[in-house]
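Participant: Quick one: structure below, then a few questions.
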Amino acid sequence: MQWLKVTVGTTTECADIVSLILMDAGSDGVSVLDVNDVKDVLRDKNSWDYADDKLLNASDEEVFVSGFFGKDFDMEALKQSLDEFRENSDLQAGSLSVKIDSVQDSDWENEWRKYYRPIEREDVAIVPQWIKYDGKCGKTVLIEPGMAFGTGRHETTAMCISLLQKIDLKQKTVLDIGCGSGILGIAALKCGAKRCVMSDIDNAAIESARLNAELNGVCGQSEFICGNLCLSENKFDAVLANLTADILLRLYETLPQFVNKGGYVIISGLIHARADEVLKKYSEQFDAVERLREGEWQAILLKKK
């Protein structure tokens with residue numbers, strides 16, 4: 001079946017509004033591509049060029065929002081909605097130019113794949129499962145990025161991957177709390193851990209983690225728990241908790257009991273304004289070993305006293 005891919009040029013400030021206009025017009029979902037993000041990746045010496053070079057010629061301020069529609073879609077109605085938005089908004093909406101491409105079902109389903117590339121952190125690479133990786137990292141974590149709950153690209157996840165490599169995980173047990181797609185737990189197993197319990201309150205996240213564990217051949221070393229974040233009765237040598245400041249503060253009442261003496265905890269998902277508050281609380285039973293900052297986020301490696 002043929003579909004129309006409709007791409008609207010706008011600004012970062014108005015990308016969400018344009019997304020809503022496309023969805024109101026009938027698109028089940030949208031993709032947002034910020035040209036500046038693409039340029040940063042393409043200029044990275046370690047980049048796997050994943051976008052067309054023509055994007056480099058686009059305006060630094062331009063963002064592309066795309067939706068998919070049936071071939072009989074009323075394009076004039078969409079253009080009218082965009083014109084009304086421009087006339088009634090005080091925001092800088094950008095060009096609001098409209099580009100239309102015809103795509104087949106198979107093209108649509110795989111369109112997003114060209115925007116993914118391996119993510120390398122020290123000796124661990126997070127690799128989309130359809131890419132043959134021949135980079136510098138000795139350990140690879142295969143993922144299916146089509147699933148929800150994380151691809152490893154966010155700073156909070158990436159910092160966790162860096163910090164877990166600071167721990168000697170050989171033959172150690174690991175708990176990945178709020179595991180999402182399972183990237184951190186799988187990375188820990190690839191770094192030598194003998195067993196990892198991955199827990200999350202969302203069953204869809206558990207299924208994503210299970211799929212990724214199967215891709216990496218580590219299901220036999222994994223246990224998946226759907227429910228409250230700490231349901232295991234065991235203690236662990238390392239706990240991975242990429243969550244939020246509020247959840248980490250609530251977890252402090254129970255989390256330490258899951259950590260062996262001398263064991264490690266990695267906490268992440270901390271915005272700068274909340275990091276000291278969380279660290280002060282955890283310092284009651286843990287010593288800070290290392291603290292990373294990237295973008296607006298922090299991650300901290302802790303060792304139980």
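Participant: So the check is Cβ under 6 Å with 6+ separation or different chains; which pairs have a first residue in the range 157-171 that's more than 24 Å from ILE271 (Cα to Cα) and at pLDDT 95 or above and a second one that's crowded, with 21+ Cβ neighbours inside 10 Å and of a type in the set (Gly, Ala, Ser)?
Facilitator: As it stands, the answer is LEU169/ALA188; LEU169/ALA193, since those pairs meet every condition given.
Participant: Right, another one. Tell me, which residue of the range 124-155 that is of a type in the set (S, T, N, Q) and modelled with pLDDT under 90 is surrounded by the most Cβ atoms within 10 Å (Cβ to Cβ)?
Facilitator: The extreme case among them is THR151.
Participant: Here's something else I'd like to know. May I ask you to list the residues in the range 181-212 that are small (Gly, Ala, Ser) and surrounded by 24 or more Cβ atoms within 10 Å (Cβ to Cβ)?
Facilitator: Once the filter is applied, which keeps residues that are small (Gly, Ala, Ser) and surrounded by 24 or more Cβ atoms within 10 Å (Cβ to Cβ), the range 181-212 yields SER181, GLY182, GLY185, ALA187, ALA188, ALA193, SER208, ALA209.
Participant: Sticking with this structure for a sec: If I filter the range 84-118 down to residues being more than 27 Å from THR11 (Cβ to Cβ) and surrounded by 12 or more Cβ atoms within 10 Å (Cβ to Cβ), which single residue comes out as modelled with the lowest pLDDT?
Facilitator: ASP107
Participant: Right, next: Scan the range 251-274 and report the pairs whose first residue is farther than 21 Å from LEU292 by Cα and whose second residue is of a type in the set (Phe, Trp, Tyr), with Cβ atoms within less than 8 Å and a gap of 6+ or a chain change.
Facilitator: PRO256/PHE286; PHE258/PHE236; VAL259/PHE236; ASN260/PHE236
Participant: Criterion first (touching a Cys at 6+ places or on another chain (Cβ under 6 Å) and either closer than 14 Å to LEU175 by Cβ or of a type in the set (S, T, N, Q) (or both)) does SER222 satisfy it?
Facilitator: For SER222, the condition - touching a Cys at 6+ places or on another chain (Cβ under 6 Å) and either closer than 14 Å to LEU175 by Cβ or of a type in the set (S, T, N, Q) (or both) - is met.
The values are calculated or read from the model by the stated rules, or taken from the named source; none is laboratory data. Because the structure is predicted, anything quoted here is derived from the model rather than measured. Note: ideal-geometry Cβ built from the backbone for every residue, glycine included; neighbour counts use all protein chains shown.
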